[in-house]
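A short worksheet on the structure shown next.
The values are calculated or read from the model by the stated rules, or taken from the named source; none is laboratory data. Here the structure is a predicted model, which means the values were calculated and not measured. FYI the Cβ positions are ideal-geometry reconstructions off the backbone, even for glycines, and counts take in every protein chain you see. Ligands, DNA and RNA are excluded from the accessible area calculation, which covers all protein heavy atoms including side chains. Shrake-Rupley method; radii C 1.70, N 1.55, O 1.52, S 1.80 Å.
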Amino acid sequence: MESIGVLMPIPMSSYLEQELEKRFNLLKPWTVPHKTQFIKDHSTSIRAIVGNASAGADAELIAALPKLEIISSFSVGIDKVDLKTCKEKGIRVTNTPDVLTDDVADLAIGLTLAVLRRLCESERYVRSGQWKKGGYKLTTKFTGKTVGIIGLGRIGKAVAKRAEAFSCPIAYFSRTEKPDSKFKYYPTVVELAANCHVLVVACPLTEETRHIINRQVINALGPRGVLINIGRGPHVDEAELVSALVEGRLGGAGLDVYEKEPHVPEQLFALENVVLLPHVGSGTVETRNAMADLVVGNLEAHFLKKPLLTPVA
């Protein structure tokens with residue numbers, strides 16, 4: 001398989017690069033001055049693309065690679081892959097579900113605690129020496145708060161399981177009610193937001209879920225509510241979120257993703273009721289290596305004509 005060209009559009013993981021280079025001809029356009037020409041020069045040898053949450057394969061790139069057979073995404077989200085074009089051309093697509101579920105769910109709870117208990121702000125309070133002048137202000141309890149979850153898939157269920165350990169009542173919204181779920185279902189996001197203290201976004205990004213968090217939802221969540229986004233940036237109407245936080249119409253937010261990463265609205269930087277992370281939901285050594293193994297495993301399975309490990313339907 002050493003002659004098979006595998007395109008990795010941007011740097012992702014040194015471990016993943018090493019494992020791919022052991023098996024394939026890994027092409028890294030960020031290492032050359034003229035990326036477009038580089039891809040064009042290798043277009044007939046590229047049979048696979050390794051994408052992620054930031055760089056996948058749009059229709060233009062797919063059209064430029066006549067020998068492309070498979071796109072193996074180093075992420076669970078595949079919103080950067082043109083699935084319609086892939087289906088039309090018979091290009092297979094895989095992702096990395098399950099292995100990142102625990103890390104992302106852990107982070108959702110971490111963000112919730114950080115916002116409600118003001119962990120980041122109080123840590124800065126100690127570092128700056130202000131504690132010597134007096135104790136930090138009282139914050140808000142997490143235990144017992146109602147947690148609303150948008151999307152009760154793998155990650156949503158994992159968030160619910162963790163929140164239950166804090167004696168939190170759980171409610172959710174999804175496209176359809178889950179008959180096997182014991183949690184309270186709301187048929188609209190607005191109703192869910194109006195009936196929870198913490199609203200967690202954990203659904204896939206689609207055209208239907210783009211800006212699923214809008215002004216109406218934010219107002220329903222209200223000045224005592226907290227929004228946690230561990231999904232995708234475009235799930236949230238960022239302009240509306242910023243104005244709600246600045247105006248005090250929303251109690252707080254914990255964000256790991258943004259509409260135009262790595263750009264974050266600067267108005268959020270000074271707000272102590274907002275915790276900002278640089279899209280690190282799956283960012284542990286253990287999980288990223290497990291994700292890399294899945295990417296490589298899917299490529300090997302494809303080229304050895306074996307069943308894919310984690311195909312996207």
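In debye, nearest 20: dipole of the stretch 93-219 around its Cα centre with unit charges on the Cβ of K, R (+) and D, E (-)? Walk me through the intermediate numbers first.
Values: 19 positive and 12 negative charges, 153 e Å.
That gives a dipole near 740 debye.
Can you tell me, using C-alpha contacts under 8 Å and at least 6 residues apart, the relative contact order of the chain as a whole percent?
Computed over the chain, the figure is 17 percent.
Setting aside same-chain residues fewer than 8 positions from K67, which lysines have a Cα under 25 Å from its Cα?
Within reach: K22, K28, K35, K40, K80, K84, K87, K89, K305, K306.
Running Debye on the stretch 16-65 with equal point scatterers at the Cα sites and no solvent, what base-10 log of I(q)/I(0) appears at q = 0.24 Å⁻¹?
Each listed q maps to, in turn, -1.12.
Quick one: putting +1 on the C-beta of Lys and Arg, -1 on the C-beta of Asp and Glu, what dipole do you get for the chain around its Cα centre, in Debye to the nearest 20?
The calculated dipole for the chain is roughly 620 debye.
Calculate for the chain the 222 nm mean residue ellipticity that helices alone would give, adding -39,500 (n - 2.57) per DSSP H run of length 4 or more and normalising by residue count, nearest 500 deg cm²/dmol. Provide the component values of the computation, followed by the final result.
Details: 11 runs with 107 residues, N = 313.
Calculated mean residue ellipticity at 222 nm is -10000 deg cm²/dmol.
At a 1.4 Å probe radius, which order do L138, L152 fall into by accessible area, largest first?
Accessible-area ranking of L138, L152, largest first: L138, L152.
Tell me, what ³J(HN,Hα) does each residue in the stretch 129-137 have, in order and in whole Hz, if you take phi through Karplus 6.51 cos²θ - 1.76 cosθ + 1.60 with θ = phi - 60° and put x for Gly and Pro?
For the stretch 129-137, the Karplus-derived couplings read x, 5, 4, 5, 8, x, x, 6, 5 Hz, x marking Gly and Pro.
Would you mind listing how long the chain runs along its three principal axes, going by Cα atoms, in whole Å with the largest first?
Largest first, the chain extends 64, 50, 32 Å along its Cα principal axes.
Between the DSSP loop rule and a limit of at most 10 other Cβ atoms within 10 Å, which chymotrypsin sites (Phe, Trp or Tyr not before Pro) in the stretch 4-68 are left?
Listed in order of number, the matching sites amount to none.
Provide the per-residue ³J(HN,Hα) series for the stretch 163-169, in order, calculated from phi with Karplus coefficients 6.51, -1.76, 1.60 and θ = phi - 60°, each as a whole number of Hz, with x at glycine and proline positions.
Computed from phi, the couplings for the stretch 163-169 are 5, 4, 5, 9, 6, 8, x Hz.
Which whole-Hz couplings ³J(HN,Hα) result when phi for each residue of the stretch 65-72 is put into the Karplus expression 6.51 cos²θ - 1.76 cosθ + 1.60, θ = phi - 60°, listed in order with x for Gly and Pro?
Whole-Hz 3J(HN,Hα) from phi for the stretch 65-72: 10, x, 9, 5, 10, 8, 10, 10.
Report, as a whole number in µm² per second, the diffusion coefficient that Stokes-Einstein gives for the stretch 1-156 at 37 °C and 0.692 mPa s using the Kirkwood radius over alpha carbon pairs.
Roughly 173 µm²/s, to the nearest whole number.
Quick one: dipole size for the stretch 14-90, taken about the Cα centre, charges +1 on Lys/Arg Cβ and -1 on Asp/Glu Cβ, in debye to the nearest 20.
Numbers: 11 positive and 10 negative charges, 31 e Å.
Dipole size: approximately 140 debye.
Need one number: nm distance between label points at A313 and V280, each 7 Å from Cα along Cα→Cβ, rounded to one decimal.
3.5 nm
Quick one: divide the alpha-carbon radius of gyration of the stretch 100-276 by 2.2 N^0.38 Å and tell me what you get.
Numbers: Rg = 15.8 Å, N = 177, 2.2 N^0.38 = 15.7 Å.
Computed over Cα atoms of the stretch 100-276, the ratio equals 1.00.
Rolling a 1.4 angstrom probe over the protein heavy atoms, how many square angstrom per residue are accessible across the chain?
Accessible area per residue, the chain: 50 Å².
Whole number please: convex hull volume per residue of the Cα set in the stretch 217-313, in Å³? Display every interim value, and only then the final one.
Values: hull volume 12.6 nm³, N = 97.
Enclosed volume per residue, from the Cα hull, is 129 Å³.
Sum up the lysine pairs in the stretch 100-276 that clear both bars: alpha-carbon distance under 16 Å and a spacing of 8 or more or different chains.
So the count of such lysine pairs works out to 8.
Towards the positive end of the charge dipole of the stretch 100-276, with charges on Cβ (+1 Lys, Arg; -1 Asp, Glu), say which of I170, T143, G248 has the farthest Cα.
T143
Considering the dipole of the chain built from charges on the beta carbon (Lys and Arg +1, Asp and Glu -1) around the Cα centre, which of L304, F24, V189 is farthest to its positive end?
The one lying farthest along the dipole's positive direction is V189.
For the stretch 108-164, state what percent of all Cα-Cα pairs lands in each successive 10 Å bin, counting from 0 Å until the bin that includes the largest distance.
21, 40, 23, 14, 3
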